[in-house]
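Written out below as structure tokens is the structure these notes cover.
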Amino acid sequence: MLDWHHLKDNKTTYIKHFYFASGMALRLMATVILLLLHAVVPILKIPKSLSVSGTSDYLFDKDYEVRQRILGSDPVGKKRI
């Protein structure tokens, strides 16, 4: 359960990891809140960036950035467009 090598394995510092993880958590919380509001008030328009597809794209891009940092190169041959 505890991974004492997580920061080293991901080639990051505590502060960078804190900002990365906090930023992702805040982004996902904003998405969840908007989706819950949309469930109650369906006429509420959700911005593309916080929609399900926008959030999926965001997570894919962040995963790509992390993998690229860890591997030091493009892990899949090209960046997703």
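Brief remarks on what is shown
- Helical mean residue ellipticity (222 nm; -39500 (n - 2.57) per DSSP H run of 4+; nearest 500) of the chain: -21000 deg cm²/dmol
- Full-extension gain in nm, residue 71 to residue 13, via 0.36 nm per residue minus C-alpha separation: 19.2 nm
- Protein accessible area in the chain, 1.4 Å probe - carbon and sulfur %: 69
- Close Lys-Lys pairs in the chain, where close means Cα under 16 Å and separation is 8 or more or interchain: 5
- From phi via Karplus (6.51, -1.76, 1.60), per-residue ³J(HN,Hα) for region 66-71 in Hz, x at Gly/Pro: 5, 4, 5, 5, 5, 7
The values are calculated or read from the model by the stated rules, or taken from the named source; none is laboratory data. Values in this document were obtained by computation on a predicted structure and should not be read as measured data. Calculation scope for accessible area: heavy atoms of the full protein, side chains included, ligands and nucleic acids excluded. Shrake-Rupley method; radii C 1.70, N 1.55, O 1.52, S 1.80 Å.
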